[in-house]
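Here's the structure, in structure tokens; my notes come after.
Please treat every number below as a calculation from the coordinates, not as lab data. Just so you know, these numbers come straight off a predicted model, no measurement behind them. Glycine gets a Cβ as well: all are built from the backbone with ideal geometry, and neighbour counts include every protein chain shown.
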């Protein structure tokens, strides 16, 4: 059996390299056909690996000391640090030494690193940053996560690009969610087909007429969390602001619960009794629970994990990359464009 | 003392005319210098008024049986129903028989009715629909609500229009929030001044250079609920989708809490003990708690109350209109444009 190889940027993210190395180590115990190349500081990586029980033959290290931090300006950093871990990880994929790249580092830098090293799929004009977010799952899927794209790789998009996003989202969602024909919604300020600007009205028509897309119609902001579609398509400006707004509400809800916890004895007892229910609520609004989401449009799988990812999230992000390769997501996108 | 007169569309909204009539009746007991003209079906209004204790001399009825429902198409309805309650209420203002109009009916119809009857303030190119939403109040204001505009009257806006929105928001917020120089934020996908498209970059510069605006800078989606600014400025497409998304999360949180309540005995006890804390949470995410928000840019005050408004919300919406007139909001907008 040929092993699937993942290049893991081991220096990017709030908990790097600890979470990366431990996540990869854990993975080797769960997936025997997956090899991980840890790109980062060899001394640090080896030190963490010492205390792990894992299948060492599935791990490899590519040494570099250059890293791009969350506060570095992506454009400048990519130019000034040619040996940055995220660039070397993308290069491994470009040179066919790895099948996919995973990073939880600086998002802008990852997009630029991939764009610099990995070609786009033929026919794709713009790559899209996706987000996987939890819903109430009214479609009753096996998992309750939906995919939104673009959430910030591009500011504005034309109809052609939005239709490409729909095709890419369809291919990814059908592979990962195991849904035959994922439902696609177009994010808009009203449900009727004449709503929005010229671009959105045109996109509505093109999505409806495309035989490779199972189009639901327009979805509004308050539909997002319900889970009435599998894939939500929008320009990057809209997707970015909406996603962050929703995360912001979840943060506020958590803070208020903490405040309540501090302030009254009766509330403390209540919260303890409620902990099971609150855990459900936390799961439903907490984005840290989920591993990673793809940057779609490149000819190889690129998975962006959350910056705050811990060991388990990194392991899950590698698994998502592994599954995407097994299921030929890039090939399926290519086919749907024909 | 000259009375301030409010034209109240008494037939628009989910709980009309009951909530409208009772809200107005209640108001007469709290504000002696305010007169309300109830525009709607005289028979129905009189029947509800019979059982109210109030100061009848502060109430007047303008009879009409035509109403525009939530599912009516605004453009068509405005043309086909010239005597619709919302149109007659706007006309009362146009003819100087009232100082402000309040409605909790069809939002699109209200915007069109006001646009048909009431002139815009000189120098304002587009009117803006605003939303008042609750925040964590990090600025420690007396009230914890912030103002967002535009939330859907226009799809896209240019820099000049966004600056006008900032000026209108400033005038309204300083009157209602009693803040000397309200902080204004520009909604964007990043905090740095070069973020966003050309329009946003230009707007950033113009807001910073305008002596009448206390500009905070760009705000991102996750900043909205924190309450780090008093006024958030954005185009209607963005504001509409973001506002509805945030409302959607609040809905989901409520549903999940209900589910938890149904499923386990221990959780029930927990919820009962927690009810004080949950009430705080509810207040912080529940948009029904607040009365109304203005449509800004008309030469008279136009307050849109939430469609689900009950008696108390209608009373508060009338109070907001009353306060705006007392504080000369329209005059202040005019001055800030000079």
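Give the order of B:157, A:54 when sorted by the count of other beta carbons within 10 angstrom, beginning with the fewest.
Numbers: B:157 25, A:54 17.
Fewest-to-most ranking of B:157, A:54: A:54, B:157.
When the alpha-carbon atoms of the protein assembly as shown are used, the pair Rg, Dmax equals 27.4, 90 angstrom.
Extending 7 Å from Cα along the Cβ direction at residue B:201 and again at residue A:76 yields two label points whose distance is 1.7 nm.
Suppose only helical runs count, i.e. DSSP H with n ≥ 4. What mean residue ellipticity at 222 nm does that imply for chain A under -39500 (n - 2.57) per run, divided by all residues and rounded to the nearest 500 deg cm²/dmol?
Values: 11 runs with 154 residues, N = 338.
Estimated from H runs of four or more residues: -14500 deg cm²/dmol.
Could you state the per residue volume, in Å³, of the convex hull enclosing the Cα atoms of the stretch B:37-191? Please list the in-between numbers first.
Values: hull volume 27.8 nm³, N = 155.
Cα convex hull per residue, to the nearest whole number: 179 Å³.
The orientation-averaged projection of the convex hull spanning the C-alpha atoms of the stretch A:153-199 amounts to 4.1 square nanometres.
With the gyration tensor restricted to C-alpha atoms of the stretch A:67-120, the semi-axes of the equivalent ellipsoid amount to 18, 10, 10 Å, longest first.
Under the convention of a label 7 Å out along Cα→Cβ, give the distances in nm from residue B:3 to the same position in every other copy, shortest first. Values, ascending and in nm: 8.6.
Find how much the distance from residue B:122 to residue B:96 grows on full extension, using 0.36 nm per residue of separation minus their present alpha carbon separation; answer in nm with one decimal. If you can, show how the numbers build up before the last one.
Numbers: separation 26, 0.36 × 26 = 9.36 nm, distance 1.81 nm.
Here the segment from residue B:122 to residue B:96 would lengthen by 7.6 nm.
Per the Cα gyration tensor, the stretch A:108-156 maps to an equivalent ellipsoid with semi-axes of 28, 12, 10 Å, ordered largest to smallest.
From Cα pairs below 8 angstrom and at least 6 apart in sequence, can you work out the relative contact order of chain A, rounded to a whole percent?
Relative contact order, chain A: 23 percent.
Inter-label distance, residue A:208 to residue B:160: 3.6 nm, where each label sits 7 Å from its Cα along the C-beta direction.
The ellipsoid that matches the Cα gyration tensor of chain A has semi-axes, each √(5λ) in whole angstrom, of 31, 28, 18, with the longest given first.
Sorted fewest first by neighbouring Cβ atoms within 10 angstrom, A:27, A:296, B:92, B:79 come out as B:79, B:92, A:27, A:296. Can you work out the FRET efficiency for the pair residue A:56 and residue A:328, with r the C-beta to C-beta distance and R0 = 35 Å, to the nearest 0.05? Once the sixth-power term is evaluated, E becomes 0.75. Neighbour counts of C-beta atoms inside 10 Å place B:247, B:42, B:60 in the sequence B:42, B:60, B:247, starting with the fewest.
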